[in-house]
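Worksheet: one structure, shown below.
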Amino acid sequence: MLSPQIILIAIISYFVVLTAISYFTGKEDNNEVFFNAKRSSNWAVVAFGMVGASLSGVTFISVPGWVGDSQFTYFQVVIGYLIGYLIIANILLPLYYKLGLTSIYEYLLSRFGKNSHYVGSISFLISRILGASFRLFLVAIVLQEFVFNDLGIPFEITVIISILLIWLYTRRGGIKTIVWTDTIQTTLMILAVILSIYYINDNLGWTFNDFLSSSEFNEYSKIFVTDSFMDRSYFLKSIIGGAFITICMTGLDQDMMQKNLTCKNINEAKKNMIVFSFILTAVTFLFIVLGALLFIYANQNGVSIPLLDNSPRTDLLFPEIALRSGLGEFLGIVFILGLIAAAYSSADSALTSLTTSFCVDILKIDSSKESSIKTRKIIHVLMSILLIIVVIIYRYVLDKNVIDSLLTVAQYTYGPLLGLFAFGIFTKYKINDKKVFIVVIINIIIVIIIGNLPKEILGGYSIGYELLPFNGLLNFVGLYLIRK
């Protein structure tokens with residue numbers, strides 16, 4: 001078993017590297033660099049780094065752990081993601097570049113008015129705080145269970161240390177630092193999954209081809225659910241839902257778009273998005289394949305699903321095998337570095353984008369003023385504290401697979417953004433901006449009620465990820481009713 005001391009040394013070494021990158025990229029301590037890196041990023045670097053930011057620690061652990069219950073059906077959602085990325089590249093990115101936006105929610109201000117602007121930015125802030133906290137929670141749990149418990153450090157301190165480290169290396173360079181740290185983090189994450197597949201297969205006495213052709217692999221490899229439209233994971237529902245999840249969680253999300261907006265021009269931004277989407281699809285499939293291998297290894301070697309608060313958590317199967325099943329220290333170190341890289345490549349950009357959106361959309365600071373730098377730094381600290389609080393709360397309330405929880409929450413929080421942007425892009429109507437909050441609040445209540453209806457009331461129909469486009473449609477209709 002890999003000792004906590006060795007894991008701790010690996011983590012410290014990793015953060016030394018990130019801090020060094022932060023030093024060189026954060027020499028210009030101003031808002032233009034922090035918010036958009038002076039629009040000077042190389043598109044290929046951005047594309048590769050975005051893979052890590054999109055996958056995060058949730059994909060690194062939770063997607064492989066989900067294979068035991070869902071087989072490969074999550075890949076239906078991933079196919080939808082790919083469709084969504086192509087829509088973003090050809091519809092949303094040209095709009096953002098045409099308007100020269102720093103925060104994408106500034107579009108709503110020019111299109112509808114200040115209340116719509118606030119609705120958009122608040123929806124993002126809530127969505128990203130909850131989403132980033134989901135991702136950080138999972139990684140903090142792993143570090144706690146496999147490192148800090150043995151050192152006598154409580155969970156709350158683990159969370160504080162984790163977010164403090166992110167704050168330290170993002171506080172000056174912001175998005176410029178993140179473009180480069182994400183590249184290193186993506187590399188480590190991809191190496192971790194490839195080496196994990198290799199070492200586990202080697203331990204089982206298999207080549208990769210032996211693994212793919214085995215009867216055990218065949219038990220997990222079902223991708224498409226075509227039996228009944230009533231099923232929550234029916235392929236058409238999953239693909240459509242996946243496309244809208246991507247449009248919202250990437251195309252209408254300041255976190256992901258802020259990296260795209262650092263590219264030199266729209267052509268480079270589109271190349272970035274398209275190349276990134278295909279790399280992401282391939283890497284996600286590797287994680288799903290790894291999930292099947294983990295369950296096969298666990299079954300053959302008597303590895304039990306780890307318990308958390310006396311409940312089995314498949315999210316913890318990957319770390320259990322990598323760190324405690326005797327596969328060697330090298331794989332354990334690779335896993336830890338891959339996990340930390342996956343987690344922090346999404347969390348650091350989330351912290352930066354939350355700071356950017358709050359400063360630009362809520363406070364509407366004048367970036368040219370010297371005093372605005374101090375304001376941005378204060379908001380950066382406050383956002384860090386808020387993430388700490390929410391992650392700690394999750395420790396006591398979250399009771400299911402994290403990737404499913406993350407996508408479920410997204411269906412509720414991104415609906416107003418989807419409705420507002422769709423209405424703005426696809427119609428020429430103005431709206432009564434003063435009534436936007438009323439429309440959104442009513443629709444949220446309706447969607448929460450519908451999303452929690454038992455399937456027996458719906459004739460056996462189980463609601464899946466199609467709830468997100470329905471939420472957007474409901475908001476679209478509400479905006480139509482208050483049109484001018």
task: Sort through N272, N310, N265 and tell me the only one that's surrounded by fewer than 24 Cβ atoms within 10 Å (Cβ to Cβ) and at negative phi.
output: N265
- request: Return only the number of the condition from (1) of a type in the set (G, A, S); (2) over 20 Å from S357 (Cα atoms); (3) within 22 Å of the chain's Cα centre (by Cα) that S123 does not satisfy.
  value: (2)
message: Of all residues being among the aliphatic types (A, V, I, L, M) and modelled with pLDDT under 90 in the range 217-255, which is least open to solvent (accessible area, probe 1.4 Å)? Just the residue, please.
response: I245
query: Restricting the first residue to the range 353-365 and requiring it to be within 19 Å of G113 (Cβ to Cβ), which pairs with a second residue that is buried (at least 24 other Cβ atoms within 10 Å of the Cβ) meet a Cβ separation below 6 Å and a spacing of at least six or different chains?
result: S357/S103; S357/F124; S357/Q254; V360/S103; D361/S103; D361/Y105
statement: If we take the range 383-484, then helices (runs of 4 or more DSSP H) inside it with 2 or more residues that are farther than 18 Å from S121 by Cα and of a type in the set (S, T, Y) are 402-413
message: Pairs please, first residue from the range 205-230 and touching a residue at least 60 places away in the same chain (Cβ under 8 Å), second anywhere and among the aliphatic types (A, V, I, L, M) and surrounded by 13 or more Cβ atoms within 10 Å (Cβ to Cβ), Cβ atoms under 6 Å, 6+ apart in sequence or on different chains.
response: E216/I296; F217/A292; Y220/V67; Y220/A292
- line: Flagged in the range 61-72 as touching a helix residue (DSSP H, G or I) at 6+ places or on another chain (Cβ under 7 Å) and open to solvent by less than 30 Å² (accessible area, probe 1.4 Å), in numbering order, are I61, S62, V63, P64, G65, V67, F72
- line: Among residues of the range 313-330 being of a type in the set (A, V, I, L, M, F, W, C) and surrounded by 14 or more Cβ atoms within 10 Å (Cβ to Cβ), the residue nearest to L204 (Cα to Cα) is L327
message: Based on this model, can you work out whether I194 counts as open to solvent by 50 Å² or more (accessible area, probe 1.4 Å) and assigned to a helix (DSSP H, G or I)?
response: yes
Residue selected from the range 378-403 under the condition of a type outside the set (A, V, I, L, M, F, W, C) and surrounded by fewer than 15 Cβ atoms within 10 Å (Cβ to Cβ), by the criterion modelled with the lowest pLDDT: K400
task: Could you please let me know if Q258 is of a type in the set (S, T, N, Q), part of a helix (DSSP H, G or I) and either surrounded by fewer than 20 Cβ atoms within 10 Å (Cβ to Cβ) or free of Cβ contacts under 8 Å to residues at least 60 places away in the same chain (or both)?
output: no
task: Output the residues belonging to the range 275-307 that are hydrophobic (A, V, I, L, M, F, W, C), in a loop (DSSP other than H, G, I, E, B) and either open to solvent by less than 50 Å² (accessible area, probe 1.4 Å) or out of contact with any Pro (no Cβ under 7 Å at 6 or more places or on another chain) (or both).
output: V303
- prompt: Limited to the range 2-27, what total is found for residues that are more than 23 Å from P319 (Cα to Cα) and either at pLDDT below 75 or not in a helix (DSSP H, G or I) (or both)?
  reply: 6
query: Can you tell me which of S372, S349, S353 is part of a helix (DSSP H, G or I), of a type outside the set (K, R) and closer than 30 Å to G291 by Cα?
result: S349
query: Residues in the range 333-349: is at least one without any contact (Cβ under 8 Å) to a residue 24 or more places away in the chain, out of contact with any Asp or Glu (no Cβ under 9 Å at 6 or more places or on another chain), within 21 Å of I194 (Cβ to Cβ) and open to solvent by 30 Å² or more (accessible area, probe 1.4 Å)?
result: no
message: For the range 150-163, which positions are of a type in the set (S, T, N, Q) and at pLDDT 85 or above?
response: T158
task: Return the total of residues in the range 204-232 being among the acidic types (D, E) and over 20 Å from E466 (Cβ atoms).
output: 3
message: Based on this model, can you work out whether W206 counts as at pLDDT 80 or above, of a type outside the set (S, T, N, Q) and over 25 Å from S54 (Cα atoms)?
response: yes
Count - residues of the range 143-157 that are assigned to a helix (DSSP H, G or I) and surrounded by fewer than 24 Cβ atoms within 10 Å (Cβ to Cβ): 7
- request: Return the total of residues in the range 406-445 being within 26 Å of the chain's Cα centre (by Cα) and among the hydrophobic types (A, V, I, L, M, F, W, C).
  value: 15
query: G472 is checked against (1) at pLDDT 95 or above; (2) out of contact with any strand residue (DSSP E or B) (no Cβ under 6 Å at 6 or more places or on another chain); (3) surrounded by 14 or more Cβ atoms within 10 Å (Cβ to Cβ) and fails just one. What number does that condition carry?
result: (1)
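The values are calculated or read from the model by the stated rules, or taken from the named source; none is laboratory data. Nothing here was measured: the structure is a model prediction, and the numbers come from that model. In this analysis, Cβ positions are derived from the backbone assuming ideal geometry, glycine residues included, and neighbour counts consider all displayed protein chains. The protein model used for the area step is the full one, side chains on, heavy atoms only, and it has no ligands, DNA or RNA in it. Shrake-Rupley method; radii C 1.70, N 1.55, O 1.52, S 1.80 Å.
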